[in-house]
Each structure stands twice: as structure tokens, then as C-alpha cells.
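Accompanying notes for the structure given below.
The values are calculated or read from the model by the stated rules, or taken from the named source; none is laboratory data. No experiment lies behind these values; they were computed from the predicted model shown. Every residue, glycine as well, gets a Cβ built from its backbone with ideal geometry; the counts of neighbours run over all protein chains shown. These accessible areas exclude ligands, DNA and RNA; they are computed on the full protein's heavy atoms, side chains included. Shrake-Rupley method; radii C 1.70, N 1.55, O 1.52, S 1.80 Å.
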Amino acid sequence: METMPKYRYPTPIPIQNRQWPDRVITQAPRWVSVDLRDGNQAFPVPMNPERKLTYFNMLLRIGFKEIEVSFPSASQDDFNFVRRLIEEDLVPDDVRIAVLTQARKHLIERTVESLKGVKKGLLHCYVPSSDLHGRFVFGKNRKEVLQMAVEGTRMVRDAIARAGLGDRLAYEFSPEEFTDTDLDFAVELCAAVKEEWGPATREDFILNLPATVERRPPNHYADMIEYFCRKYPYLDETTISIHSHNDQGCAVAASELALLAGATRVEGTIFGHGERTGNLDLAVLALNLFARGIDIGLDFSDLPSIVRTVESMSGIEVHPRHPYAGSLVFTAFSGSHQDAIRKGMAQREEISQFFRQGWKVPYLHVDPADVGRGYEDLIRINSQSGKGGVVYLLEHEFGICPPKQMHPVIGAAVQKVLDREGGELSAAKLHEIFRKTFVNIEGPYRMTEYTRCTTTTGERLGVSFTLHVDGRSYEMSGQGNGPLSAVVHTLRCSGLLPEFKLEDFSEKTMGSDADAKALAFVGIRLAEDGALVYGAGEHSNIDRAAVAALISALNRAARREEA
């Protein structure tokens, strides 16, 4: 018995001096949504007419100028939906609606009937061109398949003429499973279809060359498109369209390469809905081109709203890691990623000048704002996060900007909680940890009765206060270059505290109204072991905030083993 491999690598395409690898996509293709037909047929619960209309209007808002709306001969609902769009004048004048049919007389006539009165339409007919489908599904050899395609085209042309729609309907023909079809036969078949149709323009005659089932790598699809364009004799009268499925997860890549190879029209669905693993995801392909500076002619500026509509209409949730549309695609949990994003966002102007483009941020290949997303979810905190992410959230959510040397200390405090509790920390919980760990910390030291005054010379500032140490009170006064300097000098000379020196100080007013408070940060270096200890202080008076930060640092130093 003959043995053979269960699977084998597809035979490469016999093409010499291929041109597509050196080309660059410089303009968007003609976008065609097949959501309402190809996508809808794969939903667990297909859309009813009202839902289809909601979806249709969403596609119009996005900017699609060509929408395949139904398979009118397949059901009364599909037929009625086309009639409703036409009779209620729901299709803008610059939008073309398309319908699908098989190459059978009664189906074609029913399809043309559904289009009566249309202003701008397209009739899409297909036949099974591969040996797998033609021979083993339909029981026809290649000659019979070619005859079916030609006769089907003739029936479409004649039915359109009888309906008086010749000046309103374009024709699209698909050799089903093009990528599994003998290439020379595909060229012969499509040329025969074009000859039967007669003289045409690219606007009204379309050959759609689908990867109905993805069986080849993306570069093979491009090779097939370029080979076809070289051999097909009526390219100047024909638009070459592609329709990729995602069985091997390469529909976007295959489509991009096919555009390089000569295709100028693309069919697909929003978020890739369709049979099996789905169709080409038009949102991903379009936004890929958008991210490369191409005017795509589609509006995804409110992508979250589109997500909600598609989820509602389809009954299928968009995966959180789905490119562009997923809830987590602009979110970093990793500490190194968070740190890079934080630094990139802080230096956007410098980066733009360096690279001569408006947006270039580490780990974010597009600006989330361009697809309707905010910056608040860029960084989320879990056990894999680091100081960069923690500080980013404090800065962007609460306006807290700790000094750089304090970042690792804050990160360590947060990590301690995560190691103990696990899970993810909300911004509110992070804020709570920060305040409990660093702000107005109580301990063995406390200061009351603080006042400031000008010295007799007027060159230095004087302060007086009561220091409480382990319940005992000491009246103190001293001088310095400023309020904090005076307090530090007084404390260091008192002999009541461990020896330290002021290493770092910063402060910021939080808010702009009359009730705004100041937040100060103080770092002290302990003489005993050289440790740098930080504290933060909050007060309505900016001087008192600085003093409170110093006392917080001293109290944290006193209980370092617990902190």
C-alpha cells in the first residue's frame, strides 16, 4: 500500500523576479465590509434585520463605501433587508451595497430582484475553482467548472439587463478557494469570465481572489496574486480584490503582502468575524496602515464604541489582547515596560524631534488617543510591576511626583504588599499604600507649636517649635537659610536624634483652589549606616509640609525594620 505524508508543504509558486518584496504600500485599498453577510453567517445567533441595520449604520459611520449586505436568495430575511435599505433610502449616494449569489439561474434572478431600484450596487457571483471543491464537492471537472462560471456570468449579465440595472450594478466574480486552485487554470477561468462579461472598467468589474481556507504561508498568497496579475490579460479593465481567511492566523500578513503584489481592494470584517477562525480583520489591517502614516479613509477614533456595538450584535466578546481593540493592548504590567513607557511619555517632545515624527513611545506603536483610548490604563500594577509603573500611576492619577531617588523605595513598599496579597492593585489601593507608608508618618518624634520669624540681621530665618520624643517635650529654636534648613540645623544640634544630614528635598502644591495642600518629600542620610530614608509630608502650609516630611523621614528611620 502506498504511503504518503499526512501533511506536506505547499508547492511554491513558479514566479521569477518577483517584485512585491521591494514595494511599499503608499495608499489605502478599497475597503469592503462583509460583516453583514460572511461575518453574520458565523455568529452563534445571526443578526435579525434590526440588528443588521444598527450594524450597517455603524459601518457607515466608520466610513465604508462598499458593504456586502446579504445573500438575498438564501432567506426571506436577507431579501427583505436589501429591499428595506433600497425602499427606505437608507444607503447614502456614495455607498455601494453588494449581494452574493451562486451561479444558478433561479438564485441569480432572485438576487437581481432584491436590487431593483438600487442607486449603486454590486452583484457578487462565485464558483468552486479548486479541484478539491469542483471535483469532489460538486462532481465537476475543470472544463465543467469553467463552463459553469461563464454561464453564470452570462445569466447575471442578462438578468441585470432585463431589470434595467446595467448602469447601476457592478459585477464581482470569485473563483472560490483561489489559493488552492491551479494558477494557470485560475487565469484561464477568470479571463473567460471577463470575456463573457464584455468591455468594462475597473470600477464595475472585479475579480476577487480569495484565500477561502488558509492553506499557504502569506508569501505564497502574494506570489499567486503577482503571478495572476502578470498572466491575466485584462488587468487594465479589472480590479483585483482579495478576501483572506485566518485559518493559520496569517490573514492580516497575507493581505498586506497581497496588496504589495497588485491587489487594490480588500474584503473582510471588523475584528475578523467569520467561519472557523474568521475573516481578515479589517480594523487591524487598516490601523496597521494608519500607524505607517497612510490615510486609510476609515474612522476608528472611537474604537471602544465600535467594540461595544460589535460585541452586542455578535454575542462574541473581543479578546482583551486583540490588536488595537482589546482592553489590555495599551496596558503594561511588566516593570521594565512600565518604566520605559513612563520615561517615553515624559519626553515625547524630545523624542518627536529626534525621530522627526509626532508619535514614538516605547512599547506603544500608536497613540491610544487615536483610537479613543485614554492614558489612564497604560500601566497597571501587579507582582510583575516595578517602580516605574508605580510612580507613573502616582503622577498621572494623583499628581504626586516623588523625587527619582525615592522611586525604588516606593516600588519596594508596593511590592511588599503584592507579595503578601497577590493579585492586581487598583490606583486607589496604590495611593493608600503610598500615604500609609510615607505621608505624615507617626512614631517616636512629633513636632508642635511651630512658628517662624525673621532674625535681627534679616539674612537668616528663625524657627521655634516643640519637639516631642517618646512622650517627652523639648522647646527648641534655631536659624537657617530657610524654614526646613532652620529645623534641620536645630534638630542636629539638639543631641536628641541620631546623627543625619538632609540629602534631598522637593515640594509641590496639589491643586489650585483655596483648599489646596502642599506635598513635600525629604530624604535624610543616616550617619550610622549611610542609609537614605525618605518621608513625605502634607499640609495646607508649604513650610509645614516640608517639616512634616522631615519628621516622617525621621520616624521611618526609627522603625526601618518594620518599614
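Of the set (1) aliphatic (A, V, I, L, M); (2) surrounded by 15 or more Cβ atoms within 10 Å (Cβ to Cβ); (3) more than 24 Å from residue 539 (Cβ to Cβ), all apply to residue 346 but (2). In this structure, does residue 465 turn out to be surrounded by 19 or more Cβ atoms within 10 Å (Cβ to Cβ), under 22 Å from residue 395 (Cα atoms), touching a residue at least 12 places away in the same chain (Cβ under 8 Å) and hydrophobic (A, V, I, L, M, F, W, C)? The answer is no for residue 465. Looking only at residues in the stretch 430-454 that are more than 20 Å from residue 551 (Cα to Cα) and touching a residue at least 12 places away in the same chain (Cβ under 8 Å), the one that is nearest to the chain's Cα centre (by Cα) is 430.
Assessment of the stretch 216-231 against the conditions (closer than 29 Å to residue 276 by Cβ, outside any helix (DSSP H, G or I) and open to solvent by 10 Å² or more (accessible area, probe 1.4 Å)) yields at least one matching residue. Does any residue of the stretch 72-88 turn out to be small (Gly, Ala, Ser) and farther than 24 Å from residue 272 by Cα? So far as the stretch 72-88 goes, yes, one or more of its residues are small (Gly, Ala, Ser) and farther than 24 Å from residue 272 by Cα. Taken across the stretch 499-514, residues that are surrounded by 18 or more Cβ atoms within 10 Å (Cβ to Cβ), under 20 Å from residue 438 (Cβ atoms) and among the hydroxyl-bearing types (Ser, Thr, Tyr) do not occur at all. Condition first: farther than 21 Å from residue 360 by Cβ and open to solvent by 20 Å² or more (accessible area, probe 1.4 Å). Now tell me which residues in the stretch 282-297 satisfy that. Selection gives 297 alone. Could you list, in sequence order, all residues of the stretch 491-517 that are in contact with a Ser or Thr (Cβ under 9 Å, 6 or more places away or on another chain) and at pLDDT 90 or above? Result: 502, single match. Considering 64, 81, which residue is among the aromatic types (Phe, Trp, Tyr) and under 25 Å from the mean Cα position of the chain (by Cα)? Testing whether each residue is among the aromatic types (Phe, Trp, Tyr) and under 25 Å from the mean Cα position of the chain (by Cα) leaves just 64.
Applying the set (1) of a type outside the set (Ser, Thr, Tyr); (2) within 23 Å of residue 259 (Cβ to Cβ); (3) surrounded by 15 or more Cβ atoms within 10 Å (Cβ to Cβ) to residue 318 leaves exactly one unmet item: (2). Remark: pairs (first residue in the stretch 341-367, without any contact (Cβ under 8 Å) to a residue 40 or more places away in the chain and polar (S, T, N, Q); second residue open to solvent by 30 Å² or more (accessible area, probe 1.4 Å) and part of a loop (DSSP other than H, G, I, E, B); Cβ separation under 6 Å; 6+ apart in sequence or on different chains) = 352/358. Set side by side, the residues 269, 309 differ, and just one is open to solvent by 10 Å² or more (accessible area, probe 1.4 Å), over 25 Å from residue 188 (Cβ atoms) and among the β-branched types (Val, Ile, Thr), which is 309. Within this structure, residue 198 fails the test of being open to solvent by 40 Å² or more (accessible area, probe 1.4 Å), modelled with pLDDT of 95 or more and on the phi > 0 side of the Ramachandran plot.
The set of residues in the stretch 154-188 being within 14 Å of residue 224 (Cβ to Cβ), open to solvent by less than 40 Å² (accessible area, probe 1.4 Å) and not in a strand (DSSP E or B) consists of 177, 178, 179, 181, 183, 185, 186, 187.
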